[in-house]
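Working notes for the structure below.
The values are calculated or read from the model by the stated rules, or taken from the named source; none is laboratory data. Quick caveat: nothing in here was measured; it's all calculated off a predicted structure. Counting neighbours? That spans all protein chains shown, and the Cβs are built from the backbone with ideal geometry, glycine included. With ligands, DNA and RNA removed, areas are computed over all heavy atoms of the protein, side chains included. Shrake-Rupley method; radii C 1.70, N 1.55, O 1.52, S 1.80 Å.
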Amino acid sequence: MRTVLSWLCDFADFESLVDKGDQFYIDKLIDVLTEAMNERGFVVEGVERIGFDLNDVVVARVVEIDAIKGADRIRRILVDAGRSEHEQIVCGAFNFVVGNQVPLARVGAILPGNFEIGARKMKGVQSNGMLCSSRELGLGEDSDGLMLLDDSLVPGTGITTALGIVPDVVFDLAIEANRPDANCHLGVARELAVHFNLDFSIPFGADLSQIDHHKLPLGYLGDFGTNSLMLASFKDISGCQVEDFVVRRLALAGMRSVSPIVDASNYVMIELGQPTHPYDLDKLASADIRVRPAFASESIVTLDGQNRTLAFSRNPGDLPVDLVIVDQDDKPIGIAGIMGGGTSEISDSTKTVLLEVANFSADLIAKTSKRLGLRSEASARFERGVDPNIATLALERYCGLLSISPESISSVNIEFVPTVIALRVDQIKRILGQELPMAELYTQLEKMGFLIQDHSQGSVWVQVPSNRPDITIEADLIEEFARHYGYHRIARKILNVPSVGKLTKRQILRRELIDFSIARGYFEAWTPSLLAPDEQRRLGDELEAIRVSNPMAIEESVLRRSLLSGLLRSAGANIRRRFDQINLFEVGSVFSHSNPDEIFPVETERIGYISFSSGNERSLAFMLYQAMVERFSLDGRISFRRVSEIGPKVMAQRGYFGMHPTRSVALMLEDEIVGVVGEVDPYLAQDVAGISRDSVLYYLELDFDQAFYERVLAPHDLKVSQFPSASFDLCFGVSKERLSRELQSEMEQAITSYVGSITLIDIYEGAALKDVLRSLTYRVLVASMDHTLVESEIRAIRQAIIDQIERKNLGQLRN
Amino acid sequence: MELGEIKQVVQELTQEFEVAFSGISSSTDVGLLSSEFIGKKGKVATIYRQLGAMEAADRPKAGEVINALRDHIQGRIDGALPLFLERERIETLNASMSDPTAIVDHNRITGARRHLVTRTRIQLEDTFVGMGFSVEEGPEVESEWYNFEALNIPKFHPARDAQDSFFLELGESNSMVLRTHTSPVQVRLMERGELPIYSVMPGRVYRRDTADARHTVGFHQIEGLVVDRDINFGHLAHTIETFTSAYFGPGITSRLRPAFFPFTEPSAEFEVTCTICVGKGCRTCSMTGWIELGGCGMVHPNVFRATGIDPEIYSGFAFGFGIDRLTQMRYQIPDMRILTENDVRFLSGV
């Protein structure tokens, strides 16, 4: 909320907080108030000083404009600024001609922002001051050219006098949603007056006791949602004016002046927090208006010219219910609490006015405003809660501002029942950690309008003022006491944590995986979880991804089912930036939903790797997997099946897609697919990420919990033999359809009663072989746990391995 | 052979050795000299063999003379050998000079490291683990109950608006949401009912904000929750301060000011000394010397009731702030959107 200093000072003498004779008076006052507002939770997001520091700025008439040799961005200007001789200025603006009047900051002037004007020479031309834009004077945002002043002003006149500027300060305050009372100058001033222990008073009010005042029937409030309705009719307002300060302060608060009738209404709202609505009474059927729920599909054209369709439901808990103001003929003339209708709008020709001062239920206004997408200054206040007891003061203030009296007043209201809370004083110590000076705070709270009475031993009754709907329970009161005492004064207490802080095994493992990946040269990436709907479909995903019902953009409207899309996109972006070696990985969640009985989707954490290299590396992804197996001691439970064998459809159902069918394999844990490793389908990579089909993208993605976590954390024996290992090589002729890992697994099976390892050391696919075969050479390293192997044993092991491979038809021994 | 003859031979051999010794120039020469004179078939051994032909009475004396010669030669060789070896070592090393900084590595791995956000998250986790907290996690897709209702944010509450959530097409309309904060993890933790609780909960969250220099659609938060008997606001203020000085280092302090959150009462926002200007006032902190970091407060009694904890027995506090925002502050990232672009220059460059 834009809060005007002079406006606050109407209610309490804040200017007395700083010695007025002080050279830095206004700066000190701003500091003192800013600190207090921050401490009270009214966060100062900005401070604007208006009309200060303009002592040496005068009206100047341009009398001559000359080019400067060798400069095309500045010109020499001669001005008449009230002195006997013309003054010479160098100026870079071009939006004026001879005869215009502009502001001149003379040498020695200190402009807003502590900008001191000195005499300067530019391109050899003396400049005795500066001609200013409105922004440079702190009088507006326009910095495009000089501020052009009215031609009738007398040159040499001080700019503040010439423009009638009253120096003032605007604080831009962030008021929390639960503090409607502070959403107006009255509320901020009251809180600050309590803070500084200054006298607070409301220095206005009109005596309306002589006015004809009658009660309206309760039915005028409609069935629900309206707490009070006050109507005042005014005759012959055509000559009404408001004083200058009204327009000036409204402008500072961010509202433009419309007409005295509307300005006064806005002023009351910003001062007291009570929205009011003036109708052109001659355009209404009569002064007899009331509130009712809208009928289904009823519509109204609002002040902004839009046709709004309203809604109604018998069940106010479920659906929005809109309230309308209707005239004598039951025709809507406004949407209650949000915006009036166009037909009865105040205009220049308005002669009679009906002022509506009402109080509506915050919930209903919030719902209607949200449903219609229509927010106004009034609705913003109603949806937070307007003080139900301020209507009369608002009407008095309205009359006072326009110096008019209503012809008649009619009103009806549901009696406001104040909230009363029993506060157990010991709860203050329990929740805040210390006792507070209660007597002092009771006095402060009473100044805020609270009523406090002894209740019983150790507790008091607290009656909450009508402008504080945020306070409904004891905890709210404890906060109120803490706020008045000052959060910063509450003593800090050491927290003795009884537990030992630690990460879970799963968290430690994830960190180790990340660091392992980095050590292998992979950069950690973070890709979006929300994707375009076709992005995964184009990669071969056939299942429906979970959709966002209210996306910001179609590109971010479904949840990812795999990490591939994001990593592919990132790889593509990097390749386009001409990096020839890209290794990226990501740890993140993927989402799928296939069980209609379960509302929660299946959310699993995966780790994905993508590599692109312009070199001739082979199977980068599988090398990484192999390193992972060794680093994390994964055993041989995981087996491998080629994607083409499983079928891309089945793969996609499990959330693995976009892979090259014959150059990638699924990682299988029994029948479960727990990951995939190999190459990305180059056709799809080109289609989705624009990566050339000639590029090879290696990819590995696995389910963190299934592939890793359970296995790695399961207890297993660490077998290290004390005896020497034997080593021999075996070479097999193997069909291209077979996976080397199949052979390795079988070979491992054959040596389970020993400890050892089997490593592929050579691949040969030369022309000398029949084209269905390749030659794979393995090195076997084997040892016994309890003795040194003898020659005959080693021969037996060798033969067992060969038999295992040949019996399963995986390959033929070659010599 | 007479003793005198032996002596004569020894003397001649001594001279012969001295001449030969003065001519050696390498450790190899030393080795050759050694075997020529005191090797198994060397000249000294030859003299020893003549002892057998001597009178028994002369043998000890003759043996002494030969032994002395052998020891002399051995001593000379032992003295000379290390000097030659050392000289030769240095000559060999000097002769094998090469440039260790000249490398041509085609498989070079450059600058891979943790993502900045991960780095910040891990530093934060470690700070809190050091303070005795555990780290808790939870799902990113949440029900309305965990994300709003249990946190004292009923339907049509303005906070549901302000948070601008992404709802999902799951179940009834608006019943499932991409979590807008990590607070649902707190709810799950409290529901589990294992008290006391001293935990932090980091994770990815989603808000329906237009991506700009300070926002991305998905981002990361860390929250903390303490629930125990006799936990109070003083503990909250102290915990925030402990974290601030532990994480940011000396000279950085914290302060609380009143604020509003539906799930805490009393509620506060916490600010820390601006890390750029260390409190002097700069553009980053709008000349205030302070930077707003996050929200905190005492757990609202309604939240306790919703999760089955008796607010008359237990009390607690919660706090939370943005990991990405902290990352942005710490590494002076002008535009947050670069965090999701994954340009390898950015991933490695900071």
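Just a few scattered comments:
- Looking across the range A:142-159, the residues that are closer than 27 Å to A:D72 by Cβ and either at pLDDT below 90 or not in a loop (DSSP other than H, G, I, E, B) (or both) come down to A:D142, A:S143, A:D144, A:G145, A:L149.
- Any hit, the range B:276-289, residues being within 17 Å of B:T244 (Cβ to Cβ) and open to solvent by less than 10 Å² (accessible area, probe 1.4 Å): yes
- Verdict on A:G219 being over 31 Å from the mean Cα position of the chain (by Cα) and assigned to a loop (DSSP other than H, G, I, E, B): no
- Condition check for B:D230: in the same structural domain as B:F319 (by TED's automatic domain parsing), free of Cβ contacts under 8 Å to residues at least 60 places away in the same chain and not in a strand (DSSP E or B): no
- Among residues of the range A:1-44, those that are of a type in the set (F, W, Y), in a loop (DSSP other than H, G, I, E, B) and open to solvent by less than 30 Å² (accessible area, probe 1.4 Å), counted: 2
- When B:S245, B:S173 are screened for being more than 16 Å from B:G297 (Cα to Cα) and facing chain A (nearest Cβ under 8 Å), only B:S173 passes.
- Single residue of the range A:505-538 satisfying the filter (in contact (Cβ under 8 Å) with a residue 60 or more places away in the chain, facing chain B (nearest Cβ under 7 Å) and hydrophobic (A, V, I, L, M, F, W, C)) that is farthest from B:G111 (Cα to Cα): A:W526
- Which numbered condition A:K502 misses (of (1) outside any helix (DSSP H, G or I); (2) more than 8 Å from chain B (Cβ to nearest Cβ)): (2)
- Residue check for A:G486: among the small types (G, A, S), more than 7 Å from every other protein chain (Cβ to nearest Cβ), closer than 30 Å to B:L225 by Cα and open to solvent by less than 10 Å² (accessible area, probe 1.4 Å): yes
- One residue from A:R135, A:R179 being modelled with pLDDT under 90 and either open to solvent by 20 Å² or more (accessible area, probe 1.4 Å) or farther than 22 Å from A:Y25 by Cα (or both): A:R135
- Among residues of the range B:244-291, those that are part of a helix (DSSP H, G or I) and out of contact with any helix residue (DSSP H, G or I) (no Cβ under 6 Å at 6 or more places or on another chain), counted: 3
Residues are listed down the side, and each one gets a yes or a no for (1) within 27 Å of A:P167 (Cα to Cα); (2) not small (G, A, S):
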| site | (1), (2) |
| --- | --- |
| A:V57 | yes, yes |
| A:A60 | yes, no |
| A:L78 | no, yes |
| A:L104 | yes, yes |
| A:P112 | yes, yes |
| A:G124 | no, no |
| A:S133 | yes, no |
| A:D142 | yes, yes |
| A:L149 | yes, yes |
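- Note on the range A:628-711: enclosed strands (runs of 3 or more DSSP E) holding 3 or more residues that are among the β-branched types (V, I, T) are A:672-680.
- Residue satisfying condition, being out of contact with any helix residue (DSSP H, G or I) (no Cβ under 9 Å at 6 or more places or on another chain) and part of a loop (DSSP other than H, G, I, E, B), within set A:V90, A:V62, A:V97: A:V97
- Restricting attention to the range A:489-515, the residues that are hydrophobic (A, V, I, L, M, F, W, C), farther than 30 Å from A:H195 by Cα and open to solvent by 60 Å² or more (accessible area, probe 1.4 Å) total 2.
- Among the candidates B:F156, B:F84, B:F148, the residue that is crowded, with 19+ Cβ neighbours inside 10 Å and either at pLDDT 95 or above or not acidic (D, E) (or both) is uniquely B:F148.
- Residues that are more than 20 Å from B:V200 (Cβ to Cβ), touching a residue at least 12 places away in the same chain (Cβ under 8 Å) and under 36 Å from the mean Cα position of the chain (by Cα), drawn from the range B:285-316: B:T288, B:G289, B:W290, B:I291
- Summed over the range A:546-569, the residues that are in a loop (DSSP other than H, G, I, E, B) and closer than 19 Å to A:L702 by Cα give a count of 4.
- Checking each residue in the range A:45-58 for being within 11 Å of chain B (Cβ to nearest Cβ) and open to solvent by 70 Å² or more (accessible area, probe 1.4 Å) picks out only A:E45.
- Failed condition for B:I77, given (1) modelled with pLDDT of 90 or more; (2) more than 30 Å from B:V9 (Cα to Cα); (3) among the β-branched types (V, I, T): (2)
- Lone qualifier among A:G608, A:G572 - being among the small types (G, A, S) and either facing another protein chain (nearest Cβ under 10 Å) or assigned to a strand (DSSP E or B) (or both): A:G608
- Qualifying positions in the range A:429-446 - touching a helix residue (DSSP H, G or I) at 6+ places or on another chain (Cβ under 6 Å) and in a helix (DSSP H, G or I): A:I431, A:L432, A:L441, A:Q444
- Verdict on B:E137 being charged (D, E, K, R), open to solvent by 40 Å² or more (accessible area, probe 1.4 Å) and away from chain A (no Cβ under 14 Å): no
- Among the residues of the range A:460-471, none qualifies, meaning not one is out of contact with any helix residue (DSSP H, G or I) (no Cβ under 9 Å at 6 or more places or on another chain), assigned to a loop (DSSP other than H, G, I, E, B) and within 9 Å of chain B (Cβ to nearest Cβ).
- Options A:S133, A:S143: the member that is closer than 30 Å to A:A174 by Cβ and in contact (Cβ under 8 Å) with a residue 40 or more places away in the chain: A:S133
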